[in-house]
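The values are calculated or read from the model by the stated rules, or taken from the named source; none is laboratory data. Being a predicted model, the structure only gives us computed values, none of them experimental. As a convention, Cβ positions derive from the backbone with ideal geometry for all residues, glycine included, and neighbour counts pool all protein chains shown. Each accessible area value is taken on the protein alone, full model and side chains, heavy atoms only, with ligands, DNA and RNA left out. Shrake-Rupley method; radii C 1.70, N 1.55, O 1.52, S 1.80 Å.
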2 protein chains.
Amino acid sequence: MSDTNFTDVFARGDENTAYAQYFVGQSYLNILTTEGLVVANVTFEPKCRNNWHIHQASTGGGQILLCTAGRGWYQEWEKPARELNPGDVVNIPAGVKHWHGAARDSWFSHLAIEVPGEGKSNEWLEPVSDEDYESLS
Amino acid sequence: MSDTNFTDVFARGDENTAYAQYFVGQSYLNILTTEGLVVANVTFEPKCRNNWHIHQASTGGGQILLCTAGRGWYQEWEKPARELNPGDVVNIPAGVKHWHGAARDSWFSHLAIEVPGEGKSNEWLEPVSDEDYESLS
């Protein structure tokens with residue numbers, strides 16, 4: 001889908017090939033800094049979303065999303081999806097199964113900040129089913 | 001100065017009374033999260049800047065600025081000032097004397113992320129002199 005009407009503050013970066021296997025659809029990744037903290041700008045084309053996943057950590061960990069452009073979704077396992085718009089903040093605790101991505105009809109960008117911790121790893125799980133995703137308006 | 005033409009992604013928040021003593025001019029503070037990390041949106045009216053200051057830490061520490069709207073400046077002691085525009089990223093190491101703020105003719109907003117560390121404290125120093133500030137274009 002054209003992104004003619006989509007403007008983000010931060011540069012889009014390149015196609016997110018490193019994590020493509022864990023995404024449905026095309027995403028883009030621009031790592032803004034790795035000094036002290038890892039902060040990235042992640043952009044999703046319409047309908048693009050990542051698989052269910054868990055940020056594992058023995059202490060600390062998790063991720064903070066800062067929504068900067070477009071419209072998207074965040075959902076934790078067995079909870080209703082939360083619509084995301086620019087200015088929204090999502091605190092994703094370690095150990096919580098979740099996914100995030102664009103709306104069906106909109107590009108979407110968020111900053112992702114990795115919260116420091118010990119024993120950190122990402123556990124990637126099954127894709128969000130089309131049935132579940134298409135039920136979102 | 002009117003902010004009619006100034007649009008930021010993140011809400012402006014309230015007048016930054018807590019740190020007003022360390023700023024010249026009016027700033028606004030919206031703390032976006034304190035869960036795991038402290039992330040705030042800081043907005044400066046034109047000509048507003050903070051005093052020279054140092055993020056002290058025994059390990060880690062410092063601050064990351066993510067510029068979201070308007071035009072501003074970042075300067076480290078005895079170095080030329082760096083102009084800041086939306087999308088710019090500034091890594092401020094612990095121990096480095098610096099200031100940041102708006103341009104003379106523009107509002108300015110950045111996200112500020114506190115980098116975790118031990119033995120952290122902020123050391124606030126003298127204001128940026130009018131002579132030094134007014135020399136910036």
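Some values worked out for this structure:
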quantity	calculated
Segment A:119-131, subset surrounded by fewer than 13 Cβ atoms within 10 Å (Cβ to Cβ) and charged (D, E, K, R), residue nearest to A:Ser58 (Cα to Cα)	A:Glu123
Answer residue from segment B:91-118, given it is more than 9 Å from chain A (Cβ to nearest Cβ) and β-branched (Val, Ile, Thr) and is surrounded by the fewest Cβ atoms within 10 Å (Cβ to Cβ) among those	B:Val96
Residues located in segment B:34-90, provided they are closer than 17 Å to B:Ser106 by Cβ, within 14 Å of chain A (Cβ to nearest Cβ) and assigned to a loop (DSSP other than H, G, I, E, B)	B:Arg71, B:Asn85, B:Pro86, B:Gly87, B:Asp88
Any hit, segment A:30-42, residues being open to solvent by less than 30 Å² (accessible area, probe 1.4 Å) and farther than 20 Å from B:Val39 by Cβ	no
Some residue of segment A:43-50 being at pLDDT below 95 and not β-branched (Val, Ile, Thr)	no
Residue tally, condition hydroxyl-bearing (Ser, Thr, Tyr) and either under 30 Å from A:Asn5 (Cα atoms) or surrounded by 19 or more Cβ atoms within 10 Å (Cβ to Cβ) (or both), over segment A:43-68	2
Subset tally (residues that are not in a loop (DSSP other than H, G, I, E, B) and not charged (D, E, K, R)) for segment B:102-119	8
Subset of segment A:4-24 that is open to solvent by 50 Å² or more (accessible area, probe 1.4 Å) and assigned to a loop (DSSP other than H, G, I, E, B) - its residue that is farthest from the other protein chains (Cβ to nearest Cβ)	A:Thr4
